[in-house]
1. Checking the condition within 17 Å of residue 224 (Cα to Cα) and in contact with an Asp or Glu (Cβ under 9 Å, 6 or more places away or on another chain), which residue from 155, 192 passes?
2. Would you be able to say whether some residue in the range 155-176 is without any contact (Cβ under 8 Å) to a residue 40 or more places away in the chain, part of a strand (DSSP E or B), more than 15 Å from the chain's Cα centre (by Cα) and crowded, with 19+ Cβ neighbours inside 10 Å?
3. For the range 80-96, does any single residue satisfy the condition of being touching a residue at least 40 places away in the same chain (Cβ under 8 Å) and within 21 Å of residue 174 (Cα to Cα)?
4. Could you please tell me which pairs satisfy a Cβ distance under 8 Å, a separation of 6+ or placement on different chains, a first residue in the range 109-137 that is touching a residue at least 40 places away in the same chain (Cβ under 8 Å) and more than 18 Å from residue 65 (Cα to Cα), and a second residue that is of a type in the set (Lys, Arg) and in a loop (DSSP other than H, G, I, E, B)?
5. For the range 105-132, give me each residue that is within 15 Å of the chain's Cα centre (by Cα) and either in the same structural domain as residue 202 (by TED's automatic domain parsing) or acidic (Asp, Glu) (or both).
Amino acid sequence: MYEFTVGWATSAGPVSGHTTVEVRGVDLERDLEVRPNKRLTGRVVLEEEDKEPLPLANIDTTLLSGPVMPANAAYRSLSQSNGTFVIDGVPEGTYPVWFRDLPPDAYVASATEGAHDILTQPLRVSGETELAVFVRRDGGIVEGVVTDSRGKNIPDAVVALVPDGLAREEVNRYRKAVTDSNGAFTIQGITPGSYHLFAWPELEGAAYRNAAFMRRYEGKGEPVHFGRGDQLTVRLKLADN
């Protein structure tokens, strides 16, 4: 199975098209329709109890072309001082939306395009698109230390907070930290919900987001649950032990 994308600039703006074909040892001929690329706009605001929403600047909104890896960041924009952002030239298609550079204690509480929840499902871009993004600063906090099987604290270990169940499809729930020289770590801004904590002495990239990689560690993580503002302390063993 192969995916083909074409695009070029015109006097009226960029156009593009996309198709998927399966090659079975014979010549193929396929028509590919190109359409004008789209504009995506939105606004990021801070939602607090009994207060008017406040705009948030410098929040990174990224449309991904595949799994949640920096290399798959296809289109992105930073919010301005009034919380608004614009991403131009987006081809029609489906994109997971990744929000980054939030305040340390914050998480995205809701993000919608019309009635469509883009935290639990990818965003479908087929026309002019507007997002409404609400952030809260009462995220959960977990702190602790990572040890090996002998109880020795492990510096520079990678700690990953991985959501449970269907929430593993939600790119914005994952969190990562690296232990200090004493094996201690802190993770803030955790969206309310159920998770497992895992630790490795070293880990390449964001492998903890890969379902096939994580299958070998099922049952080895530390289960944790967070409500708004919850704070937990754990003693975490290396997943490879």
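1. Working: 155 fails: within 17 Å of residue 224 (Cα to Cα).
Answer to the check: 192.
2. no
3. Step one: of the range 80-96, the residues touching a residue at least 40 places away in the same chain (Cβ under 8 Å) are 83-93, 96.
In the following step, the residues that additionally are within 21 Å of residue 174 (Cα to Cα) were identified as 96.
Yes, that holds for at least one residue.
4. 136/228
5. Matches in the range 105-132: 117 only.
The values are calculated or read from the model by the stated rules, or taken from the named source; none is laboratory data. Quick caveat, the model's predicted, so the values are computed rather than measured. Here Cβ is always computed from backbone atoms with ideal geometry, including for glycine, and neighbour counts include all displayed protein chains.
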